[in-house]
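The values are calculated or read from the model by the stated rules, or taken from the named source; none is laboratory data. Just so it is clear, the structure is predicted and the values come from calculations on it, not from any experiment. Here Cβ is always computed from backbone atoms with ideal geometry, including for glycine, and neighbour counts include all displayed protein chains.
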Amino acid sequence: MSLASRVGLPKAPARQAVTCPYCFAVAPAHRIPFRCRGQAGRRAGCAPVLDERLAAYTGSAAGASLPPVFAAPGRGGRADCPACGQPTGSRVCGECHNPLPSAYCEAPGRIVALVGAKNAGKSTYIAVLLHELMNRVGTELDASLVACDDRTIERYKRDFARPLLEERRLLPTTASAATSPREPLVYLLTRTRRGRFARERTDSLALVLFDTAGEDLRSRELRDLHLRYLEAADSIIFLVDPLELPGAGAALTAAPPPDSDAEPDSEPVNIIARVTEALRARHGTRPGERLEVPVAVALTKIDVLAPELARQSALHRSRSGSGVLDLDDRDAVHEQVRSLLHDWQAGRLETYLGQQYADFALFGLSALGGVPENGRVGAGGVRPHRAEDPLLWLLYRFGMLDGTRGAAEGARGRGA
Ligand SMILES: Nc1nc2c(ncn2[C@@H]2O[C@H](COP(=O)(O)OP(=O)(O)O)[C@@H](O)[C@H]2O)c(=O)[nH]1
Ligand SMILES: [Mg+2]
Ligand SMILES: [Zn+2]
Ligand SMILES: [Zn+2]
């Protein structure tokens, strides 16, 4: 812990750089512009005008008619609008004019990115993880998940929550961004904890979720955006479909899908390697030196593992939910996934991660909690299993969640 946070000084040094989670432009914290609050009811203020930068970013003038943006030094995160004199605390990216929450400007540097091959389960995972964070897990952690812009709220409802969670339909395959331009869903996860001497500490993390199609990492034109995204990431969650691993077939209840469209390029280890190369280039990592970015690698769809595997398995018991990270459980799950990878002749995935990353952790999860049937969620509905685990680990790595050992054994083994 830094001296500043211990004695309660403002956390953000004036020169701190902030990365925009929408366009990944980087700007010093004290240079981030403001948006006028505008007129509301009887409050005087600037009238809305077409924000051309925002319209260019979203590709539409709809929703881009807003009070003007202005530059100001912004003492204490506030400034007075030079046109109307009203004070404002709303900040926006100087490049794309998307909103930058003040908690994010104060403590930047915690962008979590999600990556996976086509069909790895990304869209499904996004739908379920966000729902868990807004509900059960959010309550457990005393954390709030807030969308940073209205488009995120609408798209989450329309493209993720309504079809999968309400109508129980499987999500359509993500179209390549080449045919439908896409922007990320951006959320701020904020956690307030009571520290020693009853002092409260609030920490935030930006969840930036691009629902990328795997092939987008291959096409040159789209690489640019996605690589900027990955390069800006302070941590990564890789999703790996166990059905894509060479030797997993025997351990699965469901037969692996026909691999007529299987391409070596979409093999999990190849996707991870491509992202890793980009990260190494950006961080200027020397050969032999490992990347510091924490990386969570999760096997999705573990509900397809045969029941023999499930018995006595760390992976299949429930996490003891208590607002802390159970480090014993974490070790057990990591070990089990590691041995599964080796059993499935996918040991080179782990070897590769160990060579490239100083800090990686293995997970197994199921977003749906059961095998889907005929394009729909199974009879019991969506019952996620350990979907939040990678994020809890990242919170722990960022110092936003405590870890414990020797947690009550009795708390485990409940359900599975
Ligand atoms: N059995 C099972 N299937 C899943 C799970 N999550 C996703 N799937 C299936 O895997 C396929 C690909 O999922 P999707 O989220 O569209 O993957 P994306 O291409 O990475 O976005 C779909 O048919 C999903 O129904 C899960 O937790 N369990
Ligand atoms: Mg998808
Ligand atoms: Zn921006
Ligand atoms: Zn104004």
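Scanning region 120-176 for residues that are among the polar types (S, T, N, Q) and either touching a Lys or Arg at 6+ places or on another chain (Cβ under 8 Å) or surrounded by 14 or more Cβ atoms within 10 Å (Cβ to Cβ) (or both) yields Ser123, Thr124, Ser144, Thr152, Thr173, Thr174, Ser176. Note on region 356-368: residues that are of a type outside the set (A, V, I, L, M) and outside any strand (DSSP E or B) total 2.
Val371 passes all but one of (1) part of a helix (DSSP H, G or I); (2) surrounded by fewer than 16 Cβ atoms within 10 Å (Cβ to Cβ); which number fails? Checking Val371 against (1) part of a helix (DSSP H, G or I); (2) surrounded by fewer than 16 Cβ atoms within 10 Å (Cβ to Cβ), the one that fails is (1). Number of residues in region 71-84 that are in a strand (DSSP E or B) and buried (at least 18 other Cβ atoms within 10 Å of the Cβ): the value is 1. Taking the conditions (1) over 17 Å from the mean Cα position of the chain (by Cα); (2) assigned by TED's automatic domain parsing to the domain that holds Leu227; (3) at negative phi in turn, Asp142 satisfies each one other than (3). Scanning region 332-355 for residues that are surrounded by 15 or more Cβ atoms within 10 Å (Cβ to Cβ) and either not in a helix (DSSP H, G or I) or not assigned by TED's automatic domain parsing to the domain that holds Val269 (or both) gives Trp344, Ala346. Can you pull out every residue in region 277-297 that is closer than 24 Å to Pro390 by Cα and among the small types (Gly, Ala, Ser)? Of everything in region 277-297, those that are closer than 24 Å to Pro390 by Cα and among the small types (Gly, Ala, Ser) turn out to be Ala278, Ala296. If you check Tyr104, Tyr125, which single one turns out to be closer than 28 Å to Met400 by Cα and away from ligand 3 (no atom under 16 Å from the Cβ)? Testing whether each residue is closer than 28 Å to Met400 by Cα and away from ligand 3 (no atom under 16 Å from the Cβ) leaves just Tyr125. For first residues located in region 291-307 and assigned by TED's automatic domain parsing to the domain that holds Ser235 and of a type in the set (Gly, Ala, Ser), partners that are part of a loop (DSSP other than H, G, I, E, B) and modelled with pLDDT under 90 and lie 6+ apart or on another chain with Cβ distances below 8 Å form the pairs Ala306/Thr253.
Just one of the listed residues (Ala213, Ala250) is buried (at least 21 other Cβ atoms within 10 Å of the Cβ) and at pLDDT below 85, namely Ala213. Scanning region 12-19 turns up one or more residues that are touching a strand residue (DSSP E or B) at 6+ places or on another chain (Cβ under 8 Å) and buried (at least 17 other Cβ atoms within 10 Å of the Cβ).
The rows are residues; the columns are (1) of a type in the set (Ser, Thr, Tyr); (2) within 16 Å of ligand 3 (Cβ to nearest atom); (3) closer than 24 Å to Arg282 by Cβ.
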site: Gln16; (1), (2), (3): no, no, yes
site: Pro33; (1), (2), (3): no, yes, no
site: Leu54; (1), (2), (3): no, yes, no
site: Gly59; (1), (2), (3): no, yes, no
site: Pro67; (1), (2), (3): no, no, no
site: Cys84; (1), (2), (3): no, no, no
site: Thr88; (1), (2), (3): yes, no, no
site: Arg110; (1), (2), (3): no, no, yes
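Taking the conditions (1) at pLDDT below 80; (2) surrounded by fewer than 18 Cβ atoms within 10 Å (Cβ to Cβ); (3) touching a helix residue (DSSP H, G or I) at 6+ places or on another chain (Cβ under 8 Å); (4) over 18 Å from Ile126 (Cβ atoms) in turn, Thr202 satisfies each one other than (1).
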